[in-house]
C-alpha cells in the first residue's frame, strides 16, 4: 500500500502487515489531478489538483498524522493489474483509515465568504450548497461515506462543516442510506436490493465503474475488465449469487414511472437488472383481489423492511439449492403460485410493514410454452404495467417450491426512454377493420402516417384524415421505437371510439379504448375521455399463447339505439423484412416490430352474454 508523507509529500510503500496509521481523502475528480507519475517526476506543483493535495496533507499533519492516502497519486493507474488489485482493496482501505476527509470542492461555508474574497480574490461561480454538492452524485463516494469509522466534511477552504455523525439526518435525506449504517452499522446486514438502491442515482465517468465501485458495499471481489460496458454489472450480479443467497437481487422495479406511455417504462424479460438505476424505485402493487378484500388502496412499502429470503414463512425443502447461473439461465428453487395460464408468482422475500400485516414480495414470471421448467420475467397483470406483486400471508398455502430456469439474456433486456429514441420509424401497426363494421364508420382519424405499399409521403407525417374510410382491406401506420398510435373512429350514432395502441420493441403492446363526443378532426393531445355508463368497456385481457390483448366493447342499452358493439384485439405480429430505396420517403425498417389492430363486429346477444 502506498501512502503520502504529510511533511515531505513523498510516496512511501508499506507491506500489508506494516501499514501505519493514516487518514484518507474522499473527493471528486477534476481536471489536472496529481498522479503518481507527477509526484515522481516533480511535475506535481504545476497541476491544478496540487492545491487539494497540499491542503489534505496540511490538515492531516495538523491532526497529528504522518501519512495520508489519496487515490489520485497513491495508485499507479498505468498498471491494470495494480489498478484491479487496489479497487478490490479500496473499501477495506477506507474502513481501516483513522479518519476520512470528505473534501467538497464545490461547496463553501458562507461565513468564510469575506475572508475568501480578501485572501484569494476568486469568483464564487459554481459553488453550491452542501446537499447539492457533486460529491453526493458520484458512485465512488458511496463506499467512502459508509466504510470509514469517522467521516469529516470540509468545504472548498478546508473549513469543517460537520461529521457523518453530526450531519446524520441530512445525510440520510440526501443519500437514502439508513441511519444505523451511517452510525457504524454493517451494510451487509441489509438486503442486496436496499444496498443497490443507495447507488441507483449515482453516476460514474466510466460505465464499468457503476459495478466496480460497489464491490465493498456488496461484499464481493472480481477482476476488472474495462471495455466490457454494461456486462460489468451483470458479472457483479452473478458474483453476488455465488456469495449470498439473497433473492431481493431480483426485486428491482422495471416500471420506473407510473405513466401509461411506455417511454417511462423499462421492460425486460431478463431476471437480472441492467444497472443500479433499476433499483431507483420500489413500487410493488398489492394483488388486485387482495387489495379489494383488504380495502387498502395506498400501503406503505419500504425497501428497508425487506428480508433477504422468504424462508421464515416458506421453509425450503431438504433438496433446496441456492441460485446458480447456467447456460439455460439462472437456476432457482423458488416457491411458485399459478396466477393465470403460464403466468406465475414467484415469492422472493417478505416485506414487513409496521402496524400492518407482513406481505409476500413476488416477481411475475411467464412460463415457456415449449418447456415447463423455463421462465422469463413478466410484467403485465390485470392491465397494470408492473413486475413486483405483494400477496398476503393467507396465500402461503398456494405456493409450492419448484426448480426452474429463468432467462438472464441481455438480448432480451432493454431500457430506453423517449428522450433517447432516434427519429427512425421502427414500429408498424396494421389496422384491420371488419367490412361489416366499416359501414357504420362515418369518419376516421389517425395520429400516425399511413404507409402505402412500403413508403409514405413526408408531407403527410402529422395525420391522416379519411372521410369516409376507404373500402379496401387494411392500412399500415408507422411509428418510432417508443410510440403511441391513436385511432378515432366516428360512429353514425354520435359516439367516437378512441383506440390507443402503445408499442415498444420487445414489449407486449398495451391497448386502451375510450368513448368521446363525435368530432371530425379531434385534438389528439386532449386528455382521456370518460366513456358514458351506457357503453362500458371491458378490462384488457391477455392470451399469452397468441401475444394478444383483447377489449370487449359492450352495448347494454336499448337494442334500437345505434352504438358500438365490437371486439377490439391487438396482437404482436413479429418483424417486417420488406425494404425499398430510401430517397426522401419513410421506409419500413429492416427489422421493424409489427402489430395488428383488429376491429370486429359482434352481435349484441353475444356481447351481452360475455359480460355476464
message: If residue 173 satisfies all but one of (1) farther than 27 Å from residue 63 by Cβ; (2) in a strand (DSSP E or B), what's the number of the condition it fails?
response: (2)
query: Is the stretch 144-167 home to any residue that is part of a helix (DSSP H, G or I), assigned by TED's automatic domain parsing to the domain that holds residue 22, within 26 Å of the chain's Cα centre (by Cα) and under 12 Å from residue 27 (Cα atoms)?
result: yes
message: If I filter the stretch 68-86 for residues that are free of Cβ contacts under 8 Å to residues at least 40 places away in the same chain and part of a loop (DSSP other than H, G, I, E, B), do I get at least one hit?
response: yes
field: Residues that are surrounded by fewer than 19 Cβ atoms within 10 Å (Cβ to Cβ) and either at pLDDT below 75 or in a strand (DSSP E or B) (or both), drawn from the stretch 423-438
entry: 423, 424, 430, 432, 436
task: Would you check if residue 25 is at pLDDT 95 or above, surrounded by 15 or more Cβ atoms within 10 Å (Cβ to Cβ), more than 38 Å from the chain's Cα centre (by Cα) and not in a helix (DSSP H, G or I)?
output: no
field: Enumeration of residues in the stretch 342-365 that are farther than 12 Å from residue 286 by Cβ and in a strand (DSSP E or B)
entry: 343, 344, 345, 346, 347, 348, 349, 350, 363, 364, 365
field: Of all residues making up the stretch 152-169, the number that are touching a helix residue (DSSP H, G or I) at 6+ places or on another chain (Cβ under 6 Å) and at positive phi
entry: 1
query: Out of all the residues in the stretch 278-288, is one or more crowded, with 17+ Cβ neighbours inside 10 Å, more than 26 Å from residue 354 (Cα to Cα) and modelled with pLDDT under 85?
result: no
- prompt: surrounded by 19 or more Cβ atoms within 10 Å (Cβ to Cβ) and either assigned to a helix (DSSP H, G or I) or on the phi > 0 side of the Ramachandran plot (or both): does that describe residue 101?
  reply: no
- prompt: Does the stretch 325-341 include one or more residues that are buried (at least 16 other Cβ atoms within 10 Å of the Cβ), assigned to a loop (DSSP other than H, G, I, E, B), assigned by TED's automatic domain parsing to the domain that holds residue 283 and in contact with a strand residue (DSSP E or B) (Cβ under 7 Å, 6 or more places away or on another chain)?
  reply: no
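So, residue 225, is that one assigned to a loop (DSSP other than H, G, I, E, B) and closer than 29 Å to residue 332 by Cα or not? Steps first, answer last, please.
Working: assigned to a loop (DSSP other than H, G, I, E, B): yes; closer than 29 Å to residue 332 by Cα: yes.
The answer is yes for residue 225.
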message: Here is a list: 107, 113. Which entry is modelled with pLDDT under 90, touching a strand residue (DSSP E or B) at 6+ places or on another chain (Cβ under 9 Å) and at negative phi?
response: 107
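The values are calculated or read from the model by the stated rules, or taken from the named source; none is laboratory data. The model shown is predicted, which means the values in this text are computed figures rather than measured ones. Quick reminder, even Gly has a Cβ in these numbers, built from the backbone with ideal geometry, and neighbours come from all protein chains shown.
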